[in-house]
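These notes concern the structure reproduced below.
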Amino acid sequence: MKLNDGHSMPPIAYGTGTVLRDKDVSNWITQAVKMGFSHIDTAQMYNNETSAGDGIRRCGIARQNLFVTTKYLSGSIQEAIRLSLRKLDLDYVDLYLIHAPYLVENDFEGAWRQFEKIKEDGLARYTPTS
């Protein structure tokens with residue numbers, strides 16, 4: 001799928017939520033990549049970013065050939081992205097989303113500025129909302 005800046009992202013992602021929430025997803029991610037997935041979708045809310053990072057490292061695909069998405073849940077936006085990156089053991093994610101608009105409803109504009117800073121700092125390549 002082409003993005004506004006000319007880059008593209010895989011339109012279908014392997015998600016680690018719902019039934020995989022709070023579970024070790026490392027083997028699932030490794031298997032998903034073997035089956036052809038190159039987009040991994042995780043989130044703070046799913047409580048499995050650490051094992052998602054393990055799966056990403058073990059899948060055998062170079063980081064630049066994977067598209068990794070995670071999502072903001074709560075607290076300081078700047079601290080949240082850094083915590084997610086530590087758990088995932090990544091320098092950046094490709095897409096960092098607000099999991100749901102109500103999470104920032106008291107300050108949409110301020111939250112958006114924080115997401116722009118995350119992109120400027122190289123912590124995420126793209127920062128829209130889901």
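The values are calculated or read from the model by the stated rules, or taken from the named source; none is laboratory data. The model shown is predicted, which means the values in this text are computed figures rather than measured ones. Glycine also receives a Cβ, built like all others from the backbone with ideal geometry; neighbour counts cover every protein chain displayed. The protein model used for the area step is the full one, side chains on, heavy atoms only, and it has no ligands, DNA or RNA in it. Shrake-Rupley method; radii C 1.70, N 1.55, O 1.52, S 1.80 Å.
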Ranked packing of 37-44, 6-13, 87-94, most packed first, by mean Cβ within 10 Å: 37-44, 87-94, 6-13
Estimated [θ] at 222 nm from DSSP helical runs (n ≥ 4, -39500 (n - 2.57)) normalised by residues in the chain, nearest 500: -10000 deg cm²/dmol
Per-peptide average of other Cβ atoms within 10 Å, ordering 49-59, 20-30 highest first: 49-59, 20-30
Whether segment 61-130 is rounded, prolate or oblate, judged on the alpha carbon gyration tensor where a/c under 1.5 counts as rounded: prolate
Fraction of alpha-carbon pairs over 20 Å apart in the chain - percent: 40
Taking the chain and dividing mean pair separation by its residue count, relative contact order in percent (alpha carbons under 8 Å, at least six apart): 20
Cα centroid separation, segment 79-105 to segment 1-31 (Å): 14
Computed over segment 1-70, Cα set: Rg, Dmax in Å: 11.8, 36
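For the chain, which whole-number percentage of the solvent-accessible area (1.4 Å probe, protein heavy atoms only) is attributable to carbon and sulfur atoms?
Carbon with sulfur: 51 percent of the solvent-accessible area.
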